[in-house]
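All remarks here apply to the structure that follows.
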Amino acid sequence: MDPDLGQATRGRIHKTLRLTAYRLSRLPSSTCLRSIHLCTPPPVAFPRPAESFALKSLIKRLLAPLFFRLHSRAHGKTLEVRFWRTWAPKRGWHWQQQFQQRLDPNAEVTGHHRTILEAIHSPELRILDVGAGPISGIHPRFQGQPLHIRACDPLGDDYRRILDENSITPRVVKETVPGENLSQHFRDERFDWINCDNALDHSESPHRVIDEMIAIAAPSATISLYHEIDEGLNEGYRGFHKWNIRPVAGRSDAFTIFNPHESHAYTTTYRGFAVRVAVQGRHVLCLLRRLAEGQ
């Protein structure tokens, strides 16, 4: 895209690309096949959800280089807030069970959160959920005992208004803090477990966010990063999705964070933390555990 194009022209191109992507993503696979074959096609069944998902993913990846340049962070914020404004009045929308669990004061931690706590839990464990969205995804209890959870997000003020408008009371009050400014906001505090789920790829500088997590990590801290693999590419770099997190093939101690302009590698150890990686379906769990002195 020519950087000298006028704002109006860029806006028209942007609008056309979005409209084209939307129309193509709504076409079933069978429709695309019929457009190729001019002869009368045989009967075609409606596409399965997996086929539609694959088609949409392909379209997003094809348009990714353009969206990477066209979508600013301001536009990303607009899309993000719009999504949660739809999510809140529908009480979780497509994820209603998850919504109810996040509000349940007696819900037990599940999934990778439980796996982590089984290894590091102590009665006074201090937890920080970074990029937690409107409602933290870390459930409030482990083995029946309450957890001490803090949560922050750069859009905390926006999420607070959305929840208030829909009479939703979160278990943990969100603090409005960008991940790049953690050490400034929590300058006198240290956390034993710092968690980030599906949010690092939204940040302006994920490399700096990780460094900020390290800055506020307690002496024996664990940092967990749980994300969909290559989410930036999967979403076509639209909105906030400007980064990819990818495990290094054949290794359990290395991952990379990259986009078309930058790449950062985390291998074996990083700034006094051991790196461990586990692939879980389409997601990757990256753990950074502080090494003991001398290791």
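Each reported figure results from applying straightforward, stated rules to the coordinates on display, with no laboratory input. Values in this document were obtained by computation on a predicted structure and should not be read as measured data. Here the Cβ is made from the backbone with ideal geometry for all residues, glycine too, and neighbour counts use every protein chain on show.
What distance in nm separates the simple spin-label points at residue 274 and residue 73, each placed 7 Å from Cα in the Cβ direction?
Here the answer is 3.5 nm between the modelled labels.
Counting other Cβ atoms within 10 Å, which trypsin sites (Lys or Arg not before Pro) in the range 228-295 have at most 14 and lie in a DSSP loop?
When the trypsin sites (Lys or Arg not before Pro) of the range 228-295 are filtered for loop state and at most 14 Cβ neighbours within 10 Å, 251, 271, 282 remain.
Kindly state, to the nearest 0.05, the FRET efficiency for residue 143 paired with residue 175, given R0 = 30 Å and r defined as their beta-carbon distance.
About 0.65, to the nearest 0.05.
For residue 60, go through the aspartates and glutamates and keep the ones whose alpha-carbon is under 14 Å away, minus same-chain ones fewer than eight residues off.
Straight-line reach from residue 60, under 14 Å: 230, 231, 235.
Run the Debye formula on the Cα coordinates of the range 93-290, all scatterers equal and no solvent, and tell me log10 I(q)/I(0) at q = 0.10, 0.12, 0.18 1/Å.
Normalising to I(0) and taking log10 leaves -0.40, -0.58, -1.39.
Using a cut-off of 14 Å between beta-carbons, work out the net charge of the residues near residue 148 (Lys and Arg +1, Asp and Glu -1, residue 148 not included).
Taking every Cβ under 14 Å from that of residue 148, the sum is +1.
Test of understanding: express the Cα radius of gyration of the range 195-295 as a ratio to 2.2 N^0.38 Å, with N the residue count.
Rounded to two decimals, the normalised Rg is 1.03.
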